[in-house]
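Mind looking over this structure? Questions follow.
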Amino acid sequence: MRPSFFAWAALAIVAASHAQAATPGEICVQDLRAIPGFLLENDTGARQHLAQKGQAYFDQALATASQAASAAPDAAACDAVLENYVGVWRKGHLHVKPGSAVDIAKPAPAQPAASGQAAPSKAPTLQLLSSQTVLLSLPSFRGNHSAAMQALLDTHREALAARPNWILDVRRNGGGSDNTYAPLLQWISSGEMVRVGAEWLSTPANIAGQESVCALLAPGDAACAAFAGQAVAQMRTVQAGEFAPQQPGGTISYLRVDGQTAQRPARVAILVDRDCASSCEEFLLAARQSFHVKLIGRNSYGALDYSNLRLHALPSGVRHLQYATSRSARLPHLQVDLGGIQPDIYLPPPKDEAGRDDEIVRVQRWLEGGTLRRDGA
């Protein structure tokens, strides 16, 4: 005998009352327990991480996180526990996001700066250091800076073409969009670049994530819809659990850089540090293929091997797992995430902001025929 409508309604009320009675710790444990299985099935890096670190490592991490989760007094404390746990799997491109999918899609409100001061701009800037050297400070490759990058290069074209030495400062650049730095490659590339693509992991959850990502994060964006549509088409060329190339032609391509400028810099020094991540690291891989480029500073962060993050709702409905649906075809032969991208010339980390500024002075002196030594002697 099938339950009546009223019986179903009664069951729903009982279930709702149980959910309301659950403590923050119980809800937190429920979300935590849903993460490892989902990662192993859908995240492109999880199986490799398990093979590298071993089952015992992750069992202990889950046991430790379970204790912390059960004791979480509120949602904020749970968020911290879960974010720390996914960091055990991978330090970048893997997060737990509080809020509903709609909340995550909304732009974050601007945060007031300390003492009422305006927050520092992340837009690209240009400084003419001398008749020979120019400094381009690039604190972000976020997509909203793409137009500013192009405008900067166009507006100062004559000044840039007249200076043979360029310093590109990408320290503290957390990444963003490859399209933002693309105009720079027209200036600094030697002509051809070898591009190593990526592969999609085909699973029902990943296909669903591709199908919903544009409506969630970029409604009405035709480029996003085309990209996601191609991703879904490629995923459906293989069986669930298998990898498919992002592009039908394979993962390796040899590209000519279009629109190269006639007067390109003779020497380019890219200042890099541990905060250069994601698309910033993609920029380093592209730029260092030029005969004229040297990377100077420290290793980059190491968050590039697994990307194209999508959202998965956790059981509580109040937070989402943000995980990777693609992996680089460089793997396993050229892993960036293990230690970042190494510079050509190492500089020890500066002790303070004055030391950070001094790195620019030293690099300028070196480009102009002097020394990288701190004292300049």
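The values are calculated or read from the model by the stated rules, or taken from the named source; none is laboratory data. As the structure is a prediction and not an experimental result, all values here were calculated from the model. When we count neighbours, we look across all protein chains shown, and the Cβ atoms used for this are built from the backbone with ideal geometry, even at glycine. These area figures cover heavy atoms from the full protein model, side chains too; ligands, DNA and RNA do not enter into them. Shrake-Rupley method; radii C 1.70, N 1.55, O 1.52, S 1.80 Å.
If I ask for residues that are within 19 Å of the chain's Cα centre (by Cα), open to solvent by less than 40 Å² (accessible area, probe 1.4 Å) and either under 30 Å from Gln150 (Cα atoms) or of a type outside the set (Phe, Trp, Tyr) (or both), which ones from the stretch 184-207 would you list? Spell out how you get there, then give the answer.
So the first thing to find is which residues in the stretch 184-207 are within 19 Å of the chain's Cα centre (by Cα), and the list is 195-201, 206.
From what is left, the residues that are open to solvent by less than 40 Å² (accessible area, probe 1.4 Å) are 197-198, 200-201, 206.
Correct list: Gly197, Ala198, Leu201, Asn206.
One residue is enough: does the stretch 355-373 have a residue meeting the conditions over 30 Å from Gly241 (Cα atoms), surrounded by fewer than 19 Cβ atoms within 10 Å (Cβ to Cβ), at pLDDT below 95 and charged (D, E, K, R)?
Yes: the stretch 355-373 contains one or more residues that are over 30 Å from Gly241 (Cα atoms), surrounded by fewer than 19 Cβ atoms within 10 Å (Cβ to Cβ), at pLDDT below 95 and charged (D, E, K, R).
When you check Arg310 against the structure, is it surrounded by 16 or more Cβ atoms within 10 Å (Cβ to Cβ), basic (Lys, Arg) and either touching a Pro at 6+ places or on another chain (Cβ under 7 Å) or within 23 Å of Leu135 (Cβ to Cβ) (or both), yes or no?
Details: surrounded by 16 or more Cβ atoms within 10 Å (Cβ to Cβ): yes; basic (Lys, Arg): yes; either touching a Pro at 6+ places or on another chain (Cβ under 7 Å) or within 23 Å of Leu135 (Cβ to Cβ) (or both): no.
Judged against the criteria, Arg310 is not a match.
Now for a different question. (1) part of a helix (DSSP H, G or I); (2) charged (D, E, K, R); (3) at pLDDT below 95: which one isn't true of Arg2, the others all being true?
Only one criterion is unmet by Arg2, namely (1).
For the stretch 266-276, does any single residue satisfy the condition of being outside any loop (DSSP other than H, G, I, E, B), modelled with pLDDT under 95 and not β-branched (Val, Ile, Thr)?
No, the stretch 266-276 has no match at all.
In addition: Take the residues in the stretch 243-255 that are assigned to a loop (DSSP other than H, G, I, E, B) and out of contact with any helix residue (DSSP H, G or I) (no Cβ under 9 Å at 6 or more places or on another chain); name whichever of them is farthest from Ala329 (Cα to Cα). Reasoning before the result, please.
Within the stretch 243-255, the subset assigned to a loop (DSSP other than H, G, I, E, B) is 246-251.
With out of contact with any helix residue (DSSP H, G or I) (no Cβ under 9 Å at 6 or more places or on another chain) added as a condition, the list becomes 249-251.
Details: Gly249: 13, Gly250: 10, Thr251: 6 Å.
Among residues in the stretch 243-255 that are assigned to a loop (DSSP other than H, G, I, E, B) and out of contact with any helix residue (DSSP H, G or I) (no Cβ under 9 Å at 6 or more places or on another chain), the one farthest from Ala329 (Cα to Cα) is Gly249.
So that you can scan it fast, the table gives a plain yes or no per residue for (1) modelled with pLDDT of 95 or more; (2) within 19 Å of Ala313 (Cα to Cα):
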site	(1), (2)
Glu192	no, no
Arg195	no, no
Trp200	yes, no
Ala205	yes, yes
Leu216	no, yes
Ala225	no, no
Ala233	yes, no
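Something else now. Looking at the stretch 328-341 only, could you name the residues that are assigned to a loop (DSSP other than H, G, I, E, B) and either open to solvent by 80 Å² or more (accessible area, probe 1.4 Å) or not charged (D, E, K, R) (or both)?
Ala329, Leu331, Pro332, His333, Leu334, Gln335, Val336, Leu338, Gly339, Gly340, Ile341
Please go through the stretch 274-307 and pick out each residue that is in contact with a helix residue (DSSP H, G or I) (Cβ under 9 Å, 6 or more places away or on another chain), within 22 Å of Asn165 (Cα to Cα) and open to solvent by 40 Å² or more (accessible area, probe 1.4 Å).
His292
With respect to Arg172, is the statement that it is out of contact with any helix residue (DSSP H, G or I) (no Cβ under 8 Å at 6 or more places or on another chain), open to solvent by 10 Å² or more (accessible area, probe 1.4 Å) and either under 20 Å from Tyr301 (Cα atoms) or not hydrophobic (A, V, I, L, M, F, W, C) (or both) true? Outline the logic, then answer.
Working: out of contact with any helix residue (DSSP H, G or I) (no Cβ under 8 Å at 6 or more places or on another chain): yes; open to solvent by 10 Å² or more (accessible area, probe 1.4 Å): yes; either under 20 Å from Tyr301 (Cα atoms) or not hydrophobic (A, V, I, L, M, F, W, C) (or both): yes.
In short, yes.
While we're on this one: If we scan the stretch 295-313, do we find a residue that is in contact (Cβ under 8 Å) with a residue 60 or more places away in the chain, over 30 Å from Ser100 (Cβ atoms) and out of contact with any Leu (no Cβ under 7 Å at 6 or more places or on another chain)?
Within the stretch 295-313 (the criterion being in contact (Cβ under 8 Å) with a residue 60 or more places away in the chain, over 30 Å from Ser100 (Cβ atoms) and out of contact with any Leu (no Cβ under 7 Å at 6 or more places or on another chain)), the answer is no, since none of the residues qualifies.
Still on this structure: Could you list, in sequence order, the residues of the stretch 216-230 that are closer than 19 Å to His320 by Cβ, open to solvent by less than 50 Å² (accessible area, probe 1.4 Å) and assigned to a helix (DSSP H, G or I)?
Our first condition is that a residue be closer than 19 Å to His320 by Cβ; within the stretch 216-230, this holds for 216-219, 224, 228.
Add one more test, that the residue is open to solvent by less than 50 Å² (accessible area, probe 1.4 Å), and what stays is 216, 218, 224, 228.
Correct list: Leu216, Cys224, Ala228.
Does Asp344 satisfy the condition of being in contact (Cβ under 8 Å) with a residue 12 or more places away in the chain, touching a strand residue (DSSP E or B) at 6+ places or on another chain (Cβ under 6 Å) and open to solvent by 40 Å² or more (accessible area, probe 1.4 Å)?
Working: in contact (Cβ under 8 Å) with a residue 12 or more places away in the chain: yes; touching a strand residue (DSSP E or B) at 6+ places or on another chain (Cβ under 6 Å): yes; open to solvent by 40 Å² or more (accessible area, probe 1.4 Å): yes.
Answer is yes for this residue.
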